[in-house]
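Each remark here refers to the structure printed beneath this line.
The values are calculated or read from the model by the stated rules, or taken from the named source; none is laboratory data. For clarity, every value in this text was computed on a predicted model and none was experimentally measured. Using ideal geometry, Cβ is built from the backbone for each residue, glycine included, and neighbour counts are taken over all protein chains shown.
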Amino acid sequence: MSTGDDVPADQPPTRVSEAAEQSQATRPAPAAAGTETARAGEVVPMGVPAGQVVLAVEPAPAVPPSARVSRRTRRKTPARPTHRGAESPPYNDILHRLLKPPVRWVLNHVVMRIRLEGVDNVPKGEPLIFAGNHSSWLDGPLVVIESPRTVRCLTKIEMYKGILGWLLRLVGQIPIDRGKADRVALHTALDELARGGAIGVFPEGTRGSGEMAAVQHGIAYLAVHGRCRVLPVACLGTGDALPKGARWPRRSAQVRVVFGEPFAVEIPANPRSRKALAAVAEDIRIHLADHLTAARAGAPAPEIAAGNTEAGQPAE
């Protein structure tokens, strides 16, 4: 079998491969003079007449692997939070889901006498702010324990000492420095809301009469920038159950935890305006004060009105 070396120098080679030699009778005529042709053993691109090839083009330089980003990788890349600041890690609420039911039963039936109302008002699967009145140290633990879903409360940083501080961090509570605009605490709360979680806030800022006479603007900031609803919570009788100076709650005192209906706030045109946030905070205060008044008046909660729980008996 001859090769390309058998072809005279003044005649273009007409064979590309051994298969092409066998079908020489049906192959088109050789290319005209001056056209570069394929040498023996070369592969002819599809659509190019036999005996003729296209001049090779030098390939573009390869892109370094580190600079390649596939579409699948871009789709999996999580979006950055809309607020500024470092994104906080997600909280694993397995302790809440496992321990809250037995702890709630012991607290409500053995340690204290607690009556739950309006539990059906608590929505699931959406970002939510629990906002309660604050007249006793018991208010925060009651909101966390009695809520049917996991709640992470903003708790003053002075309490994060020793065993108590370790326990608060273990159950996911968020430390906040009330002496300044604590952006770390606010951004951590916004991260939790962005994941569909629930935040607990006592907008009065400190323990007092619990009358909702004034609220801090931090709750307005969270409701506006977190794009979530606010659920009012009234903790009644906690001041009698655990007065200042007492180390153990009094079981003789009747305590009521009343969950109200969640409401949405109006998003201002300029959500960073202090005046606009002050207006939102005042609107929240009015809703919370109205719920507190209705709870004290003994308005029937949904589960009591439906006959699921007898009046005066602790709700399961």
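Only residues that are within 30 Å of Pro271 (Cα to Cα) and more than 31 Å from the chain's Cα centre (by Cα): list them for the stretch 213-259, please. Give the steps one after another, and end with the answer.
Step one: list which residues in the stretch 213-259 are within 30 Å of Pro271 (Cα to Cα), which gives 213-234, 259.
Selection gives Ala213 alone.
Just to be sure before I move on: is Ile199 surrounded by fewer than 18 Cβ atoms within 10 Å (Cβ to Cβ) and at negative phi in the structure I sent? Even if it seems obvious, please write down each step before you answer.
Working: surrounded by fewer than 18 Cβ atoms within 10 Å (Cβ to Cβ): no; at negative phi: yes.
For Ile199, the condition - surrounded by fewer than 18 Cβ atoms within 10 Å (Cβ to Cβ) and at negative phi - is not met.
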**Message:** Being at pLDDT below 90 and closer than 24 Å to Leu142 by Cβ: is that true of Arg272 here?
**Reply:** no
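Considering only the stretch 240-250, I want to know if a residue exists there that is among the small types (Gly, Ala, Ser), without any contact (Cβ under 8 Å) to a residue 60 or more places away in the chain, within 21 Å of Gly298 (Cα to Cα) and touching a strand residue (DSSP E or B) at 6+ places or on another chain (Cβ under 8 Å).
no
Residues checked against (1) among the hydrophobic types (A, V, I, L, M, F, W, C); (2) outside any loop (DSSP other than H, G, I, E, B); (3) surrounded by 14 or more Cβ atoms within 10 Å (Cβ to Cβ):
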{"site": "Val110", "(1), (2), (3)": "yes, yes, no"}
{"site": "Arg115", "(1), (2), (3)": "no, yes, yes"}
{"site": "Gly172", "(1), (2), (3)": "no, no, yes"}
{"site": "Arg178", "(1), (2), (3)": "no, no, yes"}
**Asked** So which residues in the stretch 140-158 are in contact (Cβ under 8 Å) with a residue 12 or more places away in the chain and assigned to a helix (DSSP H, G or I)?
**Response** Gly140, Leu142, Val143, Val144, Ile145, Glu146, Ile157
